[in-house]
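Right, one structure below, let's go through it.
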Amino acid sequence: MKFTKHQRVEILEGDLTPMIDMTFQLIAFFMLLINFSEVDRAEEITLPSSVLAVAPEVRPDYQIILNLEPSGKVKFEGQEFDQIDMLGPIFRKEISAAAREDVTNPGDIAVIIRSHEDTPTGLVQDLIAKCQEESLESFSLRVKEQVRR
């Protein structure tokens with residue numbers, strides 16, 4: 001009878017480090033791709049209500065979302081502007097950014113105005129006039145949609 005020496009059996013384990021690294025990279029990637037449209041919404045803006053409001057059917061190729069307060073302050077992408085007249089350079093920068101995304105005609109850029117319900121109509125008109133000075137011609141006013149009864 002011959003006795004054999006027991007060989008030591010090694011347990012092979014996969015290295016999970018690359019998989020964990022890849023998981024964190026994917027998380028970081030998707031965090032950067034989340035919809036930043038919430039940044040454009042100022043919480044202190046209470047939109048007026050309208051029964052006639054209809055949600056847009058098609059999202060524009062390029063849009064500028066402006067939040068107008070009753071005091072005349074305008075919020076755009078987290079920045080606050082005390083006067084409507086200060087928006088000219090911002091509009092020109094956005095027109096250049098739209099051109100890089102193949103929207104070459106400033107008239108094709110949708111300007112979405114989210115005005116507080118207590119904002120005087122004259123301020124909204126002043127904001128539209130400032131946009132028109134920079135060749136922006138497509139406007140939408142945001143309101144809360146009321147259910148028809």
**Request:** Consider only pairs whose beta carbons are under 6 Å apart and that are at least six residues apart or on different chains; among these, list those whose first residue lies in region 112-124 and is closer than 19 Å to Glu94 by Cβ and whose second residue is acidic (Asp, Glu) and part of a strand (DSSP E or B).
**Result:** none
**Message:** Could you check region 103-122 and list, in sequence order, the residues that are part of a loop (DSSP other than H, G, I, E, B) and over 13 Å from Pro60 (Cβ atoms)?
**Reply:** Thr104, His116, Glu117, Asp118, Thr119, Pro120
**Asked** Does Glu57 satisfy the condition of being at pLDDT below 90, surrounded by fewer than 18 Cβ atoms within 10 Å (Cβ to Cβ) and in a strand (DSSP E or B)?
**Response** no
**Asked** When you scan region 98-109, how many residues do you find that are surrounded by fewer than 13 Cβ atoms within 10 Å (Cβ to Cβ) and over 17 Å from the mean Cα position of the chain (by Cα)?
**Response** 5
**Message:** Considering only residues that are touching a residue at least 24 places away in the same chain (Cβ under 8 Å), more than 14 Å from Phe76 (Cα to Cα) and charged (D, E, K, R), which ones fall in region 86-100?
**Reply:** none
**Message:** Checking the conditions here, which among Ile65, Ile112, Ile95 is among the β-branched types (Val, Ile, Thr), out of contact with any Gly (no Cβ under 7 Å at 6 or more places or on another chain) and surrounded by fewer than 19 Cβ atoms within 10 Å (Cβ to Cβ)?
**Reply:** Ile112
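The values are calculated or read from the model by the stated rules, or taken from the named source; none is laboratory data. All values derive from a computational prediction rather than experimental measurement. Quick reminder, even Gly has a Cβ in these numbers, built from the backbone with ideal geometry, and neighbours come from all protein chains shown.
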